[in-house]
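Q: Here it is, the structure in full.
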Amino acid sequence: MQLKWSDVTPKPLWLNRRQLIAGAATLLASPALARIEAAPSKYSSTEEPNSLEDISTYNNFYEFGTGKEDPAAYAGKLTVDPWSVVIDGMVDKPGSYDLADLVKDQPLEERIYRFRCVEAWAMVVPWIGFELAGLLNRVGVQPGARFVAFETLLRPEEMPGQSSPFIEWPYREGLRLDEAMHPLTILATGLYGEAMPKQNGAPIRLVVPWKYGFKSIKSIVRISLVDKMPQTTWNMLQPNEYGFYSNVNPHVDHPRWSQASERRIGAGLFGGRQDTLMFNGYEAEVASMYAGQDLAKDY
Ligand code: MTE
């Protein structure tokens with residue numbers, strides 16, 4: 001069995017020790033060891049996070065293949081520095097922003113979130129990130145904007161899965177503006193106190209914890225403020241199975257399987273099944289955004 005330091009250390013100490021280690025790593029001056037300092041968040045789940053091993057070896061990132069091990073095996077080739085993100089559409093300050101410029105001034109937090117994949121498995125991940133709202137406020141959202149569209153990098157030389165035409169690349173996702181501005185919605189640049197592993201969507205990805213995992217688009221290069229509901233990859237592929245909203249909902253099954261329960265990755269063959277919670281457990285925070293909507297129709 002592999003013991004993690006979080007297994008043997010009470011949580012508050014664990015965070016302090018992590019900050020100490022952050023200092024030590026800076027002294028060692030190896031960029032690979034650079035740790036990110038981030039404040040704890042009131043939005044964090046109190047559940048024990050999955051191991052770094054679980055989080056970084058069981059992935060969905062179809063740009064590197066459809067197998068769960070493919071991203072860890074093939075994402076190494078991806079160049080994540082330099083990286084820039086185009087912000088365009090209905091914003092006051094459109095442009096191509098270098099990643100360092102994009103994240104500067106955005107307060108980094110550690111957000112321990114439950115993460116529920118549409119395939120009915122779940123993890124708990126200690127992300128490092130900042131609220132998307134902070135960035136949107138900085139670039140200035142114009143009055144007519146109602147949705148935010150996101151796109152992943154298109155670079156088939158480094159992303160072997162993009163030579164398969166079953167997805168119309170680039171991978172794309174979207175949120176309604178109120179969902180994008182919600183404080184739970186973050187852009188994550190790391191996890192477990194370090195820069196984002198490539199297989200998890202380096203150098204910057206979205207995390208929307210009350211929606212199925214596929215909404216959490218990886219390796220983002222474009223964020224567009226638009227007035228119409230944008231196209232999204234899974235909805236384009238199978239519109240009867242994947243809608244625009246994709247809120248975690250145990251009462252609305254996927255046409256081919258139940259969404260009532262989930263398998264917690266890393267919990268072992270017999271211990272792992274638990275009931276899925278409405279909005280993945282974030283109902284108190286997000287349900288009001290959907291008041292008056294029929295969530296069986298707006299799935
Ligand atoms: N983003 C891109 N660009 N390509 C993908 O294939 N897969 C999605 C989402 N973001 C995907 C993506 C799906 S289906 C899931 S469940 C999560 O990423 C998985 O995130 P993780 O590998 O960090 O757990």
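Q: Considering only residues that are at pLDDT below 95 and small (Gly, Ala, Ser), which ones fall in segment 28-75?
A: Within segment 28-75, Ala29, Ser30, Ala32, Ala34, Ala38, Ala39 meet the criteria.
Q: From the list Ala188, Ala195, Ala122, which residue is open to solvent by less than 10 Å² (accessible area, probe 1.4 Å), closer than 18 Å to Glu37 by Cβ and under 15 Å from the mean Cα position of the chain (by Cα)?
A: Just one listed residue meets the conditions, Ala188.
Q: Among the numbered conditions (1) charged (D, E, K, R); (2) surrounded by fewer than 22 Cβ atoms within 10 Å (Cβ to Cβ); (3) outside any loop (DSSP other than H, G, I, E, B), tell me where Lys228 comes up short.
A: Going through (1) charged (D, E, K, R); (2) surrounded by fewer than 22 Cβ atoms within 10 Å (Cβ to Cβ); (3) outside any loop (DSSP other than H, G, I, E, B) one by one, Lys228 breaks only (3).
Q: Tell me which residues, restricted to segment 64-86, are touching a strand residue (DSSP E or B) at 6+ places or on another chain (Cβ under 7 Å) and crowded, with 20+ Cβ neighbours inside 10 Å.
A: Val85
Q: Yes or no: segment 115-131 includes at least one residue that is in contact with a Phe, Trp or Tyr (Cβ under 8 Å, 6 or more places away or on another chain) and more than 20 Å from Ser216 (Cβ to Cβ).
A: no
Q: Suppose we keep only residues that are of a type in the set (D, E, K, R) and more than 17 Å from Pro71 (Cβ to Cβ) within segment 198-216. Which one would you say is farthest from the ligand (Cβ to nearest atom)?
A: Lys211
Q: Out of the residues in segment 217-236 that are closer than 25 Å to Leu78 by Cα and of a type in the set (A, V, I, L, M, F, W, C), which is farthest from the ligand (Cβ to nearest atom)?
A: Ranking the qualifying residues of segment 217-236, first place goes to Ile223.
Q: Next question, about the same structure. Regarding segment 88-105, can at least one residue be identified that is open to solvent by 40 Å² or more (accessible area, probe 1.4 Å), touching a Gly at 6+ places or on another chain (Cβ under 9 Å) and assigned to a strand (DSSP E or B)?
A: no
Q: I'm checking my understanding of the structure. Among residues of segment 198-225 that are open to solvent by 10 Å² or more (accessible area, probe 1.4 Å) and of a type in the set (A, V, I, L, M, F, W, C), which one is nearest to Glu285 (Cα to Cα)?
A: Phe214
Q: Take the residues in segment 133-173 that are part of a strand (DSSP E or B) and more than 15 Å from the ligand (Cβ to nearest atom); name whichever of them is most open to solvent (accessible area, probe 1.4 Å).
A: Step by step, filter segment 133-173, then rank; the result is Val141.
Q: Which residues, counting only those in segment 259-273, are open to solvent by less than 60 Å² (accessible area, probe 1.4 Å) and at pLDDT 90 or above?
A: Gln259, Ala260, Ser261, Glu262, Arg264, Ile265
Q: If you take the residues in segment 174-192 that are part of a loop (DSSP other than H, G, I, E, B) and within 22 Å of Asp227 (Cα to Cα), which one is farthest from the ligand (Cβ to nearest atom)?
A: Applying the filter and picking the extreme gives Pro183.
The values are calculated or read from the model by the stated rules, or taken from the named source; none is laboratory data. No experiment lies behind these values; they were computed from the predicted model shown. Cβ coordinates were reconstructed from backbone atoms using ideal geometry, including for glycine residues, and neighbour counts include every protein chain displayed. Note: accessible area is taken over every heavy atom of the protein model, side chains too, but ligands, DNA and RNA are not part of it. Shrake-Rupley method; radii C 1.70, N 1.55, O 1.52, S 1.80 Å.
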